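Colleague: The structure that follows is given in the form of structure tokens.
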Amino acid sequence: MIRKLQSNDKENLVSIIQRTNNFNDEEKKVAVELIDEASANPNHEYYNLFVLEDNGDIAGYHCTGKRALTDGVYDLYWIVVDNKYQNKGIGKKLLDHAENFVKENNGRWILAETSSKESYNATRNFYFRNNYSIVAEIKDFYTINDNLIVFGKYIKT
């Protein structure tokens, strides 16, 4: 079951984030800040957080929101799957939900930003497998030799 964030979800989500080896400390801090923002304002236009529950256990979440100054572009800010649920289709379910959320809100594009670091190979392959393409790349964006890669998918309404 995928549902909107509830205020009592934070502890579980923070635990999932802390166990995610791919995120550095700064990324983890930003992820928690977005949870706080979405929790404080459940009808936030830019940060809509949805959790996937599996038998009462939170298996993952996505945070998706409208990109400012656009009339139909959405950002997939975070999609996180608990390590113990990896490779069980949870990421695909969350991504499908995010795409449906965009479609239901008259969006036409969904964008996901990621790193070019080798540790993000699985993330990039996940987007490719789900029919995303690279729509932009900025060399040395995060640090030297760590490019920003923007994946996008046009959502047909």
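The values are calculated or read from the model by the stated rules, or taken from the named source; none is laboratory data. Every value quoted in this text rests on a predicted model; they were computed, and no experiment measured them. Counting neighbours? That spans all protein chains shown, and the Cβs are built from the backbone with ideal geometry, glycine included.
The rows are residues; the columns are (1) surrounded by fewer than 13 Cβ atoms within 10 Å (Cβ to Cβ); (2) touching a residue at least 60 places away in the same chain (Cβ under 8 Å); (3) of a type in the set (Ser, Thr, Tyr); (4) closer than 19 Å to residue 2 by Cβ.
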{"residue": "22", "(1), (2), (3), (4)": "no, yes, no, no"}
{"residue": "41", "(1), (2), (3), (4)": "yes, no, no, no"}
{"residue": "56", "(1), (2), (3), (4)": "yes, no, no, yes"}
{"residue": "69", "(1), (2), (3), (4)": "yes, no, no, no"}
{"residue": "72", "(1), (2), (3), (4)": "no, no, no, no"}
{"residue": "76", "(1), (2), (3), (4)": "no, no, no, yes"}
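Colleague: Next question, about the same structure. What's the number of the condition residue 3 fails, among (1) closer than 12 Å to residue 51 by Cα; (2) in a helix (DSSP H, G or I); (3) not aliphatic (A, V, I, L, M)?
Modeller: Looking at each condition in turn, residue 3 falls short on (2).
Colleague: Let me ask something else about it. Identify, by number, the condition in (1) within 19 Å of residue 112 (Cβ to Cβ); (2) without any contact (Cβ under 8 Å) to a residue 12 or more places away in the chain; (3) surrounded by 12 or more Cβ atoms within 10 Å (Cβ to Cβ) that residue 64 doesn't meet.
Modeller: Going through the list (1) within 19 Å of residue 112 (Cβ to Cβ); (2) without any contact (Cβ under 8 Å) to a residue 12 or more places away in the chain; (3) surrounded by 12 or more Cβ atoms within 10 Å (Cβ to Cβ), residue 64 breaks only (2).
Colleague: Among the residues of segment 135-157 satisfying the criterion of being among the charged types (D, E, K, R) and modelled with pLDDT of 95 or more, which is surrounded by the most Cβ atoms within 10 Å (Cβ to Cβ)?
Modeller: 153
Colleague: Pairs needed: first member in segment 1-17, in contact (Cβ under 8 Å) with a residue 12 or more places away in the chain and over 15 Å from residue 82 (Cβ atoms); second member anywhere, of a type in the set (A, V, I, L, M, F, W, C) and surrounded by 11 or more Cβ atoms within 10 Å (Cβ to Cβ); C-beta distance under 7 Å; at least 6 residues apart or different chains.
Modeller: Once the first residue is in contact (Cβ under 8 Å) with a residue 12 or more places away in the chain and over 15 Å from residue 82 (Cβ atoms) and sits in segment 1-17, its partners that are of a type in the set (A, V, I, L, M, F, W, C) and surrounded by 11 or more Cβ atoms within 10 Å (Cβ to Cβ) give 3/50; 3/51; 4/50; 5/38; 5/49; 5/50; 5/51.
Colleague: Still on this structure: Quick one: what pairs do we get from segment 123-146, first residue in contact (Cβ under 8 Å) with a residue 24 or more places away in the chain, second of a type in the set (Lys, Arg), C-beta under 6 Å, 6+ apart or different chains?
Modeller: Final answer for the pair search is 146/117.
Colleague: Of 44, 62, which residue is modelled with pLDDT under 95 and touching a helix residue (DSSP H, G or I) at 6+ places or on another chain (Cβ under 9 Å)?
Modeller: None of the others qualify; the one that does is 44.
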